[in-house]
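Before any comments, here is the structure.
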Number of protein chains: 4
Amino acid sequence: MWLHASCLLDFNIPVDTPFLLMLRPRSGKQQWVGREQYVLKPSISAIEFTDPFGNLCQRLVAPAGSFSVQTSFDIEVADSSDTAFGAFFIPVEQLPEDTLPFLLPSRYCESDRFSKMASSLVQGVAPGYDQCNKIVEYIRTNIKYAPGEGQEIISACEVNERSQAVCRDMAHLGIACCRALSIPARLVVGYLETLQPMDLHAWFEVYVGGRWYTFDPTQDNLKGGRVAIAYGRDAADVAVYTQFGDPVEVLRMQINVEQISPPQY
Amino acid sequence: MWLHASCLLDFNIPVDTPFLLMLRPRSGKQQWVGREQYVLKPSISAIEFTDPFGNLCQRLVAPAGSFSVQTSFDIEVADSSDTAFGAFFIPVEQLPEDTLPFLLPSRYCESDRFSKMASSLVQGVAPGYDQCNKIVEYIRTNIKYAPGEGQEIISACEVNERSQAVCRDMAHLGIACCRALSIPARLVVGYLETLQPMDLHAWFEVYVGGRWYTFDPTQDNLKGGRVAIAYGRDAADVAVYTQFGDPVEVLRMQINVEQISPPQY
Amino acid sequence: MWLHASCLLDFNIPVDTPFLLMLRPRSGKQQWVGREQYVLKPSISAIEFTDPFGNLCQRLVAPAGSFSVQTSFDIEVADSSDTAFGAFFIPVEQLPEDTLPFLLPSRYCESDRFSKMASSLVQGVAPGYDQCNKIVEYIRTNIKYAPGEGQEIISACEVNERSQAVCRDMAHLGIACCRALSIPARLVVGYLETLQPMDLHAWFEVYVGGRWYTFDPTQDNLKGGRVAIAYGRDAADVAVYTQFGDPVEVLRMQINVEQISPPQY
Amino acid sequence: MWLHASCLLDFNIPVDTPFLLMLRPRSGKQQWVGREQYVLKPSISAIEFTDPFGNLCQRLVAPAGSFSVQTSFDIEVADSSDTAFGAFFIPVEQLPEDTLPFLLPSRYCESDRFSKMASSLVQGVAPGYDQCNKIVEYIRTNIKYAPGEGQEIISACEVNERSQAVCRDMAHLGIACCRALSIPARLVVGYLETLQPMDLHAWFEVYVGGRWYTFDPTQDNLKGGRVAIAYGRDAADVAVYTQFGDPVEVLRMQINVEQISPPQY
């Protein structure tokens, strides 16, 4: 299906402030960017680079005053995400090298402290996809999805304590548990067409059966309409914007995603 | 200055044929992509990746029949390319690691066979930028710029023998001579606003005085309006399209570049 | 100075267990490996790869039973680590790309929660090296160096709560504070000649004034005799061994480092 | 089998000269380095880095006068190289990304000019391993292996013209033909236990059936005892030493390889 998606960020910047942005989707196995627009107001110079996870990043210094970033694009994405019940666990020694960083604990996914919980959750379940699914079912049942309520990023341990979280932090818990079982897991930041209320979204992917599969603890089924913007170990790697120095004021963050007919450019 | 540029490629494909394409400019130090469009007809799935030189590449299998690729973008680029007479030679042991591959001989730049010629050309010239400039002056004087006449890619040695070449192959000769003097040099493929007749363009960059500088043997001055699409060791690395298997027929290749007002999206 | 260093690891392995090892020092700016030996008993096949931080890693599956890893090497290292009081802070927008991952919070360095503490510690101190030095002085004064007492890896937040830590975790606190000031900081795992009691050691480096500088909260002065084995964001990235699956028993871990005469091989 | 191998390089250096060296084997799928020694005389500082192909490289400035490099190591390697008659051709669109650079023409492997020859050689042969084998048989029959006679590196085209070559250049011809058939092919520089006369050796690998396979046009069978030192597109990438500036004098290059009992360190 084809989507048109946009993101509008308005800031009030007290003093010149360096930013890292990740707002340019890549074309990849699951998505093709047909048209894309990236506007900075005021128009300032920015430099792009590819980070170690393959994400397209922009570096710039936002000038004091009003500053806005507007991105939009037409993109073709899958109608639904693949599922693969029964897909097998891949022993660590056979994992591709580029999946290995996604086995290690990270800022918001303290997998080193989830061995017991993860083992207990998946007792009797076949190693691999089904374990991940079991973990996601647990999260869906036991952690209250509280969209919009959380701003501070919290970690898997903290999600467990609070029993409620936004999508990103529910994913952190899922990732921590999967890694604790030696299954590579990574966070995805992006958009989801039918999300209510519309906002940035986050979910996670696991590497089983020889490829990455999508899991989304906030959604009952893996309907498609997903746009991946960035991949990383957790929210520390894939913030759509990271600002340095004194905090700036976010006046507005507005996401829009809608299905469109295949464009006839 | 802001440019609108487009590239239209029409092929007649006898049998399904794999392609590598490099047709998506990156935002970088010298250029910012404001809007971009990438259309494949028929609409088929493609996968993007970043090659070892940082270029955005697309892989796809063109289906038998008519196949076209249309890219276009609005881009802000520099009004003129920097020059730096006197910029110093950097001893090999102090070069950044990522410049080292650009010291070695490559398919179309047989720098291992240009020591004598390069040394002789730059006799008495201060090491660094001025040597590169001298080499480009030599090429401009001694090799006839024959745009459009050459299709087969030829190497620095062959350019020397034939004494005429297209822009890409003149750059090959410049690169070979600079590398023979232990100066990193790389080919750039892209567009140049005022090129006559309009076509794809190629030039080269050298690493002296701590950064990359532009040289263009086909142009008298380094006026701006340049859009870099891809960087590489030579034309083997940065073909805008590489097809595998039996040759396909190129029906049309049409480039357009024009200056525009800063867009008000 | 020349050092001979060795590391002996003896395990009791209940069931075949995958390992990642980082036990091969690289020759680099500060150190040259003259001779090296790496022995696995029983002799099993291992595969080496370079991780995203440039560390040489080994993957293997340790067979059930007794398993030992012995590495040793002769290495030339600096007599003392450079200091650079006054070395300036580099604005984020001018940092080299490969330093950027070391600005972000990581598993054991929750820099996103250290803004207040870090700002308060360095009040009135010139941005850059002197800030880092101030932070290290604070740690040296306020956190008790408790070598050998800690086994579980703890994070900067936890070090702060407990007020005592091993070298690695003291470095975590230093890193978290430096990153909170937008100074890239990374953990180094290695050996230190005169360490008492001899053990693996860990310290950290910060990027100021255009290069990486060493800080070691456990040592009064930066005398040399340091061997770097691996660099990373924190201990999650640079464990000398990471094992997957059920825990194995470490029977012995024995480090030895001694100064030697320049070898006459 | 276990081998002890050594390489001794003696130079007479007229003026301080920058070098790139590739003389440190990596442990990998096929080989494990048990003990290694690397000696520079006089003892000067060198910096190591990993090149884009994963090779361990050393950079240094050789001081005027006598300069020698001595490396030696104990290494476990396979008893024979795998063969795989019937292993299938992998369509370009399914090749792993990191094999793609090995499809392109390079300095000494002008695959863009070998389509006709390659197609004609493999007429009627099943795509994949068997094609490569056919090409190697052709080379073995038609190009005279003239070890030690050639010093200047020559390209596939030149090998074809001269009908005799050293191992490295025979490999260049094999690589050019395989790439012309859209089969990734790379040069390997290393040692071969039973080579007569003993010298550095070079052969090539092709990617078919999902992995790299060894071919050696100079040897009748793929007996083992091979040590890979470096991988690259051709000899331009994997010179064991590359020197910059005016040529230096090589006084001696001595290779020794012998089988040993499994070492009991």
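The values are calculated or read from the model by the stated rules, or taken from the named source; none is laboratory data. What you see is a predicted model; the values in this text were computed from it and never measured. Note: ideal-geometry Cβ built from the backbone for every residue, glycine included; neighbour counts use all protein chains shown.
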Count of residues meeting criterion [at pLDDT 90 or above and within 18 Å of the chain's Cα centre (by Cα)] in the stretch B:217-265: 26
Residue identified as under 16 Å from residue B:245 (Cα atoms) and of a type in the set (Val, Ile, Thr) among D:166, D:122: D:122
The stretch D:50-59: number of residues that are surrounded by fewer than 18 Cβ atoms within 10 Å (Cβ to Cβ) and at negative phi: 2
Unique match (being touching a residue at least 60 places away in the same chain (Cβ under 8 Å), under 12 Å from residue D:109 (Cβ atoms), within 14 Å of another protein chain (Cβ to nearest Cβ) and small (Gly, Ala, Ser)) among D:176, D:230: D:176
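Restrict the check to the stretch D:33-44 and report whether at least one residue is within 12 Å of chain B (Cβ to nearest Cβ), surrounded by fewer than 15 Cβ atoms within 10 Å (Cβ to Cβ) and touching a Leu at 6+ places or on another chain (Cβ under 7 Å).
So far as the stretch D:33-44 goes, yes, one or more of its residues are within 12 Å of chain B (Cβ to nearest Cβ), surrounded by fewer than 15 Cβ atoms within 10 Å (Cβ to Cβ) and touching a Leu at 6+ places or on another chain (Cβ under 7 Å).
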Residue A:199 part of a loop (DSSP other than H, G, I, E, B), more than 24 Å from residue C:234 (Cβ to Cβ) and outside the structural domain of residue A:163 (by TED's automatic domain parsing): no
Residue D:143 being β-branched (Val, Ile, Thr) and within 12 Å of another protein chain (Cβ to nearest Cβ): no
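Report, by residue number, each residue of the stretch C:231-249 that is of a type in the set (Val, Ile, Thr) and touching a strand residue (DSSP E or B) at 6+ places or on another chain (Cβ under 6 Å).
Restricting attention to the stretch C:231-249, the residues satisfying the condition of being of a type in the set (Val, Ile, Thr) are C:238, C:240, C:242, C:248.
Passing the criteria: C:238, C:242, C:248.
Would you check which residues across the stretch D:67-113 are more than 10 Å from chain B (Cβ to nearest Cβ), out of contact with any Pro (no Cβ under 8 Å at 6 or more places or on another chain) and in a strand (DSSP E or B) and list them? Explain how you work it out, then say what you get.
Of all residues in the stretch D:67-113, those more than 10 Å from chain B (Cβ to nearest Cβ) come to D:67-90, D:96, D:99, D:102.
Subset that is out of contact with any Pro (no Cβ under 8 Å at 6 or more places or on another chain): D:68-72, D:77-87, D:90, D:96.
Of everything in the stretch D:67-113, those that are more than 10 Å from chain B (Cβ to nearest Cβ), out of contact with any Pro (no Cβ under 8 Å at 6 or more places or on another chain) and in a strand (DSSP E or B) turn out to be D:68, D:69, D:70, D:71, D:72, D:77, D:80.
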The listed residue being surrounded by 21 or more Cβ atoms within 10 Å (Cβ to Cβ) and touching a residue at least 60 places away in the same chain (Cβ under 8 Å), out of D:183, D:153, D:143: D:183
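For the stretch A:113-121, check the following and say yes or no: at least one residue is on the phi > 0 side of the Ramachandran plot and surrounded by fewer than 18 Cβ atoms within 10 Å (Cβ to Cβ). Can you show your working first?
Within the stretch A:113-121, the subset on the phi > 0 side of the Ramachandran plot is none.
Checked against the condition, which is being on the phi > 0 side of the Ramachandran plot and surrounded by fewer than 18 Cβ atoms within 10 Å (Cβ to Cβ), the stretch A:113-121 yields no hits at all.
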Pair list, Cβ under 7 Å, 6 or more apart: the stretch C:249-265 residue within 14 Å of chain D (Cβ to nearest Cβ), other residue among the polar types (S, T, N, Q) and surrounded by 13 or more Cβ atoms within 10 Å (Cβ to Cβ): C:262/D:43; C:265/D:37
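Yes/no matrix, rows are residues, columns are (1) assigned by TED's automatic domain parsing to the domain that holds residue A:173; (2) within 20 Å of residue A:233 (Cα to Cα); (3) touching a helix residue (DSSP H, G or I) at 6+ places or on another chain (Cβ under 7 Å):
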site: A:22; (1), (2), (3): no, yes, no
site: A:26; (1), (2), (3): no, yes, no
site: A:35; (1), (2), (3): no, no, no
site: A:68; (1), (2), (3): no, no, no
site: A:100; (1), (2), (3): yes, yes, no
site: A:107; (1), (2), (3): yes, yes, no
Residue pairs meeting the criteria (Cβ under 7 Å; at least 6 apart or on separate chains; first surrounded by 24 or more Cβ atoms within 10 Å (Cβ to Cβ) and part of a loop (DSSP other than H, G, I, E, B), in the stretch A:204-226; second modelled with pLDDT under 95 and among the β-branched types (Val, Ile, Thr)): none
Tally of residues being more than 14 Å from chain B (Cβ to nearest Cβ), touching a residue at least 60 places away in the same chain (Cβ under 8 Å), of a type in the set (S, T, N, Q) and surrounded by 15 or more Cβ atoms within 10 Å (Cβ to Cβ) across the stretch D:1-32: 3
Odd one out for residue B:239 among (1) free of Cβ contacts under 8 Å to residues at least 24 places away in the same chain; (2) more than 26 Å from residue A:43 (Cα to Cα): (1)
Filtered residue count, the stretch B:156-180, keeping only those that are surrounded by fewer than 20 Cβ atoms within 10 Å (Cβ to Cβ) and touching a Ser or Thr at 6+ places or on another chain (Cβ under 7 Å): 0
Near pairs, Cβ below 6 angstrom, 6+ apart or cross-chain, from the stretch C:45-63 (over 21 Å from residue C:249 (Cβ atoms) and at the interface with another protein chain (Cβ under 7 Å from one of its Cβ atoms)) to any residue that is among the hydroxyl-bearing types (Ser, Thr, Tyr) and not in a loop (DSSP other than H, G, I, E, B): C:50/D:50
